[in-house]
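Here the structure comes first, spelled out in structure tokens, and everything after it is commentary.
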Amino acid sequence: MEESVIEFFNDFDFDNMAYFYHITGSGIGEEICENGLLMENKDLISTTIRIKKDMLIDIDNFIINEHGNNIRETNEMVIIGCPIEDINHIVEKNEYISVKWSNEFPPKYIIPSEYIMGYIDMTEDEYYITKNPNYFENYYSK
């Protein structure tokens with residue numbers, strides 16, 4: 001289920017919702033949609049950046065700038081959304097996913113899949129978001 005990023009971002013409701021993004025490598029966005037975003041630190045800003053309305057004045061430029069110069073894997077942008085009043089509650093203790101990271105322990109926290117709106121492949125010439133059905137079946141969507 002793909003949609004143009006212009007249509008997608010134009011539907012954002014900044015009065016009632018908070019939006020964030022997380023940059024990751026190729027093929028990881030789909031996994032995050034299915035399982036949630038694993039985190040070592042409970043702070044939302046430790047692995048996400050809040051999307052502000054003025055960042056989306058030129059959507060293509062926003063995505064190009066975040067793709068950067070590939071010093072690290074930056075091929076997919078995962079989009080997270082939640083009601084403003086839920087910001088302090090979307091990061092949960094990870095009791096479900098047991099994958100091990102480089103430190104040999106499972107990540108301590110997770111943003112569950114129902115908060116993951118989808119992901120954008122930033123390597124394509126035209127940008128589309130692959131929507132996460134787990135989010136859009138939830139009450140967080142419009």
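Here are the numbers for this structure:
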{"item": "Likely footprinting exposure, V91, V78, fewest C-beta neighbours within 10 Å first", "result": "V91, V78"}
{"item": "Percent RCO, i.e. relative contact order, over the chain, from Cα pairs under 8 Å lying at least 6 residues apart", "result": "35 percent"}
{"item": "Over the chain - Rg/Rh using Cα atoms and the Kirkwood inverse-distance radius", "result": "0.94"}
{"item": "In the chain, lysine pairs with alpha-carbon atoms under 23 angstrom apart (chain gap of 8 or more, or interchain)", "result": "11"}
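The numbers here are math on the coordinates, done by the rules we state, and not lab data. Fair warning: this is a prediction, and the values are worked out from it, not measured in the lab. Every residue, glycine as well, gets a Cβ built from its backbone with ideal geometry; the counts of neighbours run over all protein chains shown.
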